[in-house]
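Visitor: Structure in C-alpha cells, see below.
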Amino acid sequence: MNAIVAEMFGTFLMILLGSGVVANVLLTDTKGHGSGWIVITTAWALAVFIGVSVAGPYSGAHLNPAVTLSVWMIDEIESVLAISYVGAQFVGAMLGAGLVWLCYRPHFARTEDPGLTQAVFCTAPAIRDYRSNFLMETVATFVLIATILFFQEPSMQLDETAGIIGLGSIGALPVAFLVWGIGLALGGTTGYAINPVRDLGPRVVYSLLPIRPKAGFDIRYAWIPVIAPLLGSAIATWLYQLLTS
C-alpha cells in the first residue's frame, strides 16, 4: 500500500472508531449511552491501535500532523512528503467523521443538545479558559511526541524505505497504552485532541452536515487544538534533539 494512502486509511479508521465511541456514549438512545469517560478513552486507545497497525508498516503511522512535524524536524521526511501526509490525514479524518454521522444518523436526530452532537466530531473545553486549555493541549502532545521519540522501535519497519518514525515506531500496542494514559490523566480538561486533523477535519464536516440542532464552529476555540499540539510537538522534538545530540 502506498504510504500516503496508508496515512489516509489509518486516520480514517482511527476517527471512525474514536468518534464512533463518543457517539455511542453521548447520543440519545444508543446501546452505550452514558457509559462514561473510561469507555471513551479506552476505545480511543484501541482506535489508535487499529490505525497504527494498518498504516505502520507502510508510512510509519503518523496519523497526526504533530507527529509529521516532529519527523520533519529531525530530518526523517522530506517537506513535500510531509505535506502530502498531512493532506491525507485531513481527508481521512473527514471521511471517518462523515461515516460516523451516517451510522448514527437516527441518534443524531433524537439528540436535542447541540453540545453533544458537536462533541462527537471535535473537542471542547470543560472549563473555557483559553490559556489553561492551550497549556493542557501543549503538554499532552508533548508527552505523546516525547514518548515516541525516546522509545522508537525500528523492528516495526516493513523495509528500509519505510523507516520513517511515527506512532508505529514504538509499536501499535505501546502507543495505544500511551494514548490511553494521556486521555485518563490529561484529557479531562479539553478532551485531549493532541492531533490537529483529528479535531479540525471532523469540525469542518460537522459544520457542513444537516444536523439540527447544531452548535457553531466555535472559531474562538477551534485554533487551540490545531496550534497547541504543533507547539507541544516542536518543544518535545527540540528537547529530544538537545538531549541526544
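Visitor: Read through the list (1) of a type in the set (Val, Ile, Thr); (2) surrounded by fewer than 22 Cβ atoms within 10 Å (Cβ to Cβ); (3) part of a loop (DSSP other than H, G, I, E, B), then give the number of the only condition that Ile77 fails.
Guide: (2)
Visitor: Here are Tyr206, Tyr192: which of them is out of contact with any strand residue (DSSP E or B) (no Cβ under 6 Å at 6 or more places or on another chain), aromatic (Phe, Trp, Tyr) and at positive phi? Break it down into steps so the answer makes sense when it comes.
Guide: Details: Tyr206 fails: at positive phi.
Selected residue: Tyr192, the only one of Tyr206, Tyr192 that is out of contact with any strand residue (DSSP E or B) (no Cβ under 6 Å at 6 or more places or on another chain), aromatic (Phe, Trp, Tyr) and at positive phi.
Visitor: If only one of Gly232, Gly191 is surrounded by 19 or more Cβ atoms within 10 Å (Cβ to Cβ), assigned to a loop (DSSP other than H, G, I, E, B) and either among the aromatic types (Phe, Trp, Tyr) or touching a Ser or Thr at 6+ places or on another chain (Cβ under 7 Å) (or both), which one is it? Before the answer, list the steps.
Guide: Working: Gly232 fails: assigned to a loop (DSSP other than H, G, I, E, B).
That would be Gly191, the only listed residue that is surrounded by 19 or more Cβ atoms within 10 Å (Cβ to Cβ), assigned to a loop (DSSP other than H, G, I, E, B) and either among the aromatic types (Phe, Trp, Tyr) or touching a Ser or Thr at 6+ places or on another chain (Cβ under 7 Å) (or both).
Visitor: Has the stretch 96-116 got any residue that is touching a residue at least 12 places away in the same chain (Cβ under 8 Å), of a type in the set (A, V, I, L, M, F, W, C) and on the phi > 0 side of the Ramachandran plot?
Guide: no
Visitor: Working only within the stretch 146-171, note down all residues that are at pLDDT 90 or above and in contact with a Phe, Trp or Tyr (Cβ under 8 Å, 6 or more places away or on another chain).
Guide: Narrowing the stretch 146-171 to residues at pLDDT 90 or above: 146-149.
Selection gives Ala146, Leu149.
Visitor: If you check Leu116, Leu69, Leu95, Leu102, which single one turns out to be modelled with pLDDT of 95 or more, over 30 Å from Leu27 (Cα atoms) and either β-branched (Val, Ile, Thr) or part of a helix (DSSP H, G or I) (or both)?
Guide: Details: Leu116 fails: over 30 Å from Leu27 (Cα atoms); Leu95 fails: over 30 Å from Leu27 (Cα atoms); Leu102 fails: over 30 Å from Leu27 (Cα atoms).
When all the criteria are applied, what remains is Leu69.
The values are calculated or read from the model by the stated rules, or taken from the named source; none is laboratory data. These figures come from a predicted structure and were not determined experimentally. Every residue, glycine among them, receives a Cβ derived from its backbone with ideal geometry; neighbour counts consider all protein chains shown.
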